[in-house]
Amino acid sequence: MRGGVDGIVSKINNLWGVGMKLNNLTYTNASSNTMNSLSPYVGKIRPDLVEFLIDEYATSEGGILDPFCGSGSVLLGGWQKGYSVIGCDLNPYAYVLSMGKLTPFTSLEIAQEALKHYNLKIADSVNKTCVDDVPAWVRSFFNEDTLKEICVWSTILRNNREWFLLSCLMGILHHQRPGFLSYPSSHGAPYLRSKKFPEIDNPEMYEYRNVYDRLLKKVIRSYKKFPDMDFSLKREVHMKNSSLLNLGGDKVSTIITSPPYMKSLTYARDNRLRLWFLGTDNWEDLDKIISPAPVNFIKLMGSSFESWSRIQRRGDKCIAIIGDMSIVYNNIKMSLYEAIRIIAKPYYSMCEAFEDPIPESKKVIKGNGRIKREVILVLRRR
């Protein structure tokens, strides 16, 4: 074994006769890429775990696929390691964030010039913008003049497919710190904190905030630790169902992914404010799709394994990171990771399985105790 990750502590005892124990070795390079922190995302894979999985299981030939790419952590980690990468996700925010990480400007200087270019277009549009039609729940988060600027910036960046700058904008959309754009609120999921920070005692937190100034600082922070990357490598993200991915006859050698946690994590609800600025008005319907009910999740995983097996060669690895929770499958209550193993069995055999506890400090949504650890299943294409 070439290394381990601090926090992955032990094998799962007697798990189908396979398992492993990781030594207390810690990677230090993964966190050095500040592109990992463009914008928050609930349930994202830690960069150090991504690095370990790539080092341990990816082959020297072929690309890496993440069919539930979420925040793009696997894609960015694979690109940084010198692999071509492909991802897909039905969440528009996941698509934008993943594309943002995979398509930054080649240097900070070029990024700053692009930002200045767009800023010149903003002023006239802002003066003509009315936010009366913006939903009240969205307006409640922002000073009106700040909101006008955000609406214009998000529209222009979306229309010009400037995914990196748009991801940076989503990353500073809401929080109580001065570098963010909203009234005092939480950072992961948008909840106002007006009781903790009443306007009468904190008037400066409710004043106009210039978007360009804060966006520029965010861009600079994003390039603070940006390693040399090979921009000639293939980097793709598709906004589609993972079971419908068609590579046109091409193959990938390694799949690393974290399927949705069913109803335990609500990806649309927790990003509803960002989704609104990305053009998604109805986050409730989106959550039914990207945070599926158990019966729909089982169907999704069955069709996904079948689809993935067609784009992998015999012996290639598929790594699935599964939340440790229970599910009723074939009228039997069992752990989700055991159900996944059974669903995958026609196409994949088990190689190894190990656990990764989730410390409270690493959770985007603090206090969520439903998922206390993740189980990493290492499968081999039959």
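Every number in this text was worked out from the coordinates using simple rules, so none of it is lab data. As the structure is a computational prediction, the values presented were derived from the model and not from experiment. Because the Cβ atoms are built from the backbone with ideal geometry, glycine has one as well, and the counts that use them run over all protein chains shown.
With a 10 Å radius around each residue's Cβ, average the other Cβ atoms per peptide and rank 210-223, 241-254, highest first.
Packing proxy ranking, top to bottom: 210-223, 241-254.
Residue by residue through segment 151-164, what is 3J(HN,Hα) from phi via Karplus (6.51 cos²θ - 1.76 cosθ + 1.60, θ = phi - 60°)? Round to whole Hz and write x for glycine and proline.
My calculation for segment 151-164 gives 4, 5, 4, 5, 5, 5, 5, 5, 5, 9, 6, 8, 5, 5 Hz in order.
Pop the C-beta distance of Arg373 and Cys351 into the FRET formula with R0 = 22 Å and round what comes out to the nearest 0.05.
0.65
Which ordering of Phe231, Phe354, Phe142 is given by a fewest-first count of other beta-carbon atoms within 10 Å?
Going from sparsest to densest Cβ surroundings: Phe231, Phe354, Phe142.
Please report the spacing between the Cα centers of segment 170-224 and segment 56-76 in Å, no decimals.
If you average the Cα positions of each part, the centres end up 33 Å apart.
Ignoring everything except DSSP H segments at least 4 long, calculate the 222 nm mean residue ellipticity for the chain; use -39,500 (n - 2.57) per segment, divide by total residues, nearest 500.
Result for the chain: -10500 deg cm²/dmol, rounded to the nearest 500.
Pop out the ³J(HN,Hα) list for segment 326-332 in order, Karplus 6.51 cos²θ - 1.76 cosθ + 1.60 with θ = phi - 60°, rounded to Hz; leave Gly and Pro as x.
9, 8, 9, 10, 6, 6, 10
Sort His175, His117 so that the residue with the fewest other Cβ atoms within 10 Å of its own Cβ comes first and the one with the most comes last.
With the fewest neighbours first, His175, His117 line up as His117, His175.
With a point put 7 Å past each Cα toward its Cβ, work out how far Asn246 is from Ala136 in nm, to one decimal.
Roughly 4.7 nm, to one decimal.
To test your reading of the geometry: what angle, between 0 and 90 degrees and rounded to tens, separates the Cα axis of helix 108-127 from the longest principal axis of the chain?
Helix 108-127 sits at roughly 50 degrees to that axis.
If we count every other residue with Cβ under 13 angstrom of Thr254's Cβ, Lys/Arg +1 and Asp/Glu -1, where does the sum land?
Around Thr254, the charge tally is +1.
Sequence gap at least 6, Cα distance under 8 Å: using those rules, report the relative contact order of segment 210-364 to the nearest whole percent.
25
Using Cα pairs under 8 angstrom and six or more residues apart, how large is the relative contact order of the chain, in percent?
In percent, rounded to a whole number, it is 21.
If we count other beta carbons within 10 Å of each Cβ, what is the order of Cys318, Cys151, fewest first?
Fewest-to-most ranking of Cys318, Cys151: Cys151, Cys318.
Measure nothing but the geometry: give the 0 to 90° angle between the long axis through the Cα atoms of 294-309 and the longest principal axis through the Cα atoms of the chain, rounded to 10°.
70
So, counting K/R as plus one and D/E as minus one, what does the shell of residues with Cβ under 10 Å around Val152 add up to?
Net charge in that neighbourhood comes out at +1.
Out of all DSSP beta bridges in the chain, what portion is antiparallel? Express it as a percent rounded to 5.
65
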